[in-house]
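J.: First the structure, which I've put down as structure tokens, then a few questions once you've had a look.
No lab work stands behind these numbers, since they all come straight from the coordinates. If you're wondering where the values come from, they're calculated on a predicted model, not measured in any experiment. All Cβ positions, even for glycine, are placed from backbone atoms using ideal geometry, and neighbour counts span all protein chains on display.
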Amino acid sequence: MELLHANGAAFCNIDQPIIGRSLVPSAQATSPVGYIRLHGRRYDTWFTDDAAIPAHERYNYLYTAEELAPWVTRVRKVTERAARRS
């Protein structure tokens, strides 16, 4: 994190299927830019080798209100932390 901060690079906080050593959701900010990506949670297509499934299907996911609720707090934290990095 300090390397990103020292070079002014934003850390990307992501939501994705938690598989193996995947990054868990976080609320980090290493620059004045708060960066968050919600990739979806399509476990069935995330790491498939099936050529019949188009790559964009990995992200074809509709979050529920319950799944998004924790992100409200994370977005606020990222916003506050990014503001302190300016």
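J.: Which order, highest average first, do 65-78, 46-59, 6-19 follow once you tally other Cβ atoms within 10 Å for each residue and take the mean per peptide? Display every interim value, and only then the final one.
T.: Working: 65-78: 12.8, 46-59: 11.1, 6-19: 15.1.
The peptides rank, most packed first, as 6-19, 65-78, 46-59.
J.: For the chain, take the longest principal axis of its alpha carbons; what is the angle in degrees between that and the long axis of helix 65-85, to the nearest 10 within 0 to 90?
T.: Its long axis makes an angle of about 30 degrees.
J.: Provide the gained length on full extension for the span MET1 to VAL75, in nm with one decimal, where the gain is 0.36 nm per separating residue minus the Cα-Cα distance.
T.: Details: separation 74, 0.36 × 74 = 26.64 nm, distance 1.79 nm.
Full extension of this stretch gives 24.8 nm more.
J.: Whole-Hz Karplus ³J(HN,Hα) for region 4-21, in order, using 6.51 cos²θ - 1.76 cosθ + 1.60 and θ = phi - 60°, x for Gly and Pro?
T.: Those phi angles translate into 4, 4, 4, 9, x, 9, 7, 7, 9, 7, 10, 10, 7, x, 8, 10, x, 9 Hz.
J.: When all alpha-carbon pairs of the chain are counted, what percent fall beyond 21 Å? Walk me through the numbers before you get to the answer.
T.: Numbers: 1471 of 3655 pairs.
Distances greater than 21 Å cover 40 percent of the Cα pairs.
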